[in-house]
Amino acid sequence: MTTNSESWLRFVAKPAVFVACLVPFGLLVKGALDGDLGANPLEHVTHATGDWTLRLLLVTLAMTPLRQLTGSTAWIRLRRMLGLFTFFYATLHFLIWIWLDQELVWGNMVADIAKRPYVTVGFAAWLLLVPLAATSTRGMMRRLGRRWKSLHRAVYAVGVLGVLHYLWLVKADLLEPLIYAGILALLLAVRWRPHLLRLPVRPGRTINVR
Ligand code: HEM
């Protein structure tokens, strides 16, 4: 990477992505402070955090195909931040469910996870994200070596579980979860069958994640 593109990444792209990822959270905080979260605030915040978890997860998964398409490793350098923001929104979504929906009653939570399949699937997706977030540092990447890559492939399973969770919980209009399912299917196809989309296959490189 040239010095110019390195500076652009560090001083423009990364701060811009950071601020953009915080916008949905900022809007929720503003809505809460202004008492402007609609007729059903619990539903509003649950849906907004669930939606942003899934959107950011798909954006994170798009980084590897974008590297393949463009040959630039800049995408991979944004991937960790996007992944951590995915975890941030997933945890917010989960905490809202624990605190506002289940009112911190542990017995009810266990019963809900066991009873409602879409909650079981959402919970499994969140659980899978925990080790990924915990091992996202450069130190862990180095320590785990090749195992890091294998572990982080679980992010695709999180995508499948996240889409399944959404498909399972909607009662009528399937359009939005089906759009997410289509995007995920495309990303999975590009990841494992790049030839199908006539993408150039570029060998994986050792990437310095900063
Ligand atoms: C990676 C993890 C997860 C993703 C990607 C995700 C995504 C979503 C999405 C997209 C929605 C629908 C938003 C809408 O209708 O606009 C949603 C709703 C919901 N999620 Fe999750 N979720 C995750 C984890 C969880 C967990 C851990 C729980 C609780 C244990 C949970 C409980 C719920 C509930 C209660 C709803 C609202 C259901 C309703 O409207 O009746 N989710 N989630």
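Points worth noting:
- Rounded FRET efficiency, nearest 0.05, which uses the C-beta distance separating ALA134 from VAL19 and R0 of 35 Å: 0.90
- Placing +1 on the Cβ of every Lys and Arg and -1 on the Cβ of every Asp and Glu, with no other charges, gives the chain a dipole of roughly 1720 debye about its Cα centre.
- On the principal axes of its alpha carbon atoms, the stretch 46-118 extends 50, 20, 17 Å, with the longest extent given first.
- Helical contribution to [θ] at 222 nm, DSSP H n ≥ 4, -39,500 (n - 2.57), averaged over the chain, rounded to 500: -24500 deg cm²/dmol
- Helical segments meeting 27 Å axial Cα length and Kyte-Doolittle -1.0 threshold in the chain (DSSP H): 14-34, 41-70, 74-96
- Computed over the stretch 3-197, the percent of Cα pairs more than 25 Å apart is 42.
- 13 Å Cα-Cα reach of LYS30 towards aspartates and glutamates, excluding residues that sit fewer than 8 places from it in its own chain: none
- Taking all Cα pairs closer than 8 Å and separated by 6 or more residues, the relative contact order of the stretch 3-197 comes to 19 percent.
Quick note: the coordinates plus some simple rules give every number you see, no bench work behind them. Bear in mind that the values here come from a model prediction, so they are computed numbers and not experimental data. In this analysis, Cβ positions are derived from the backbone assuming ideal geometry, glycine residues included, and neighbour counts consider all displayed protein chains.
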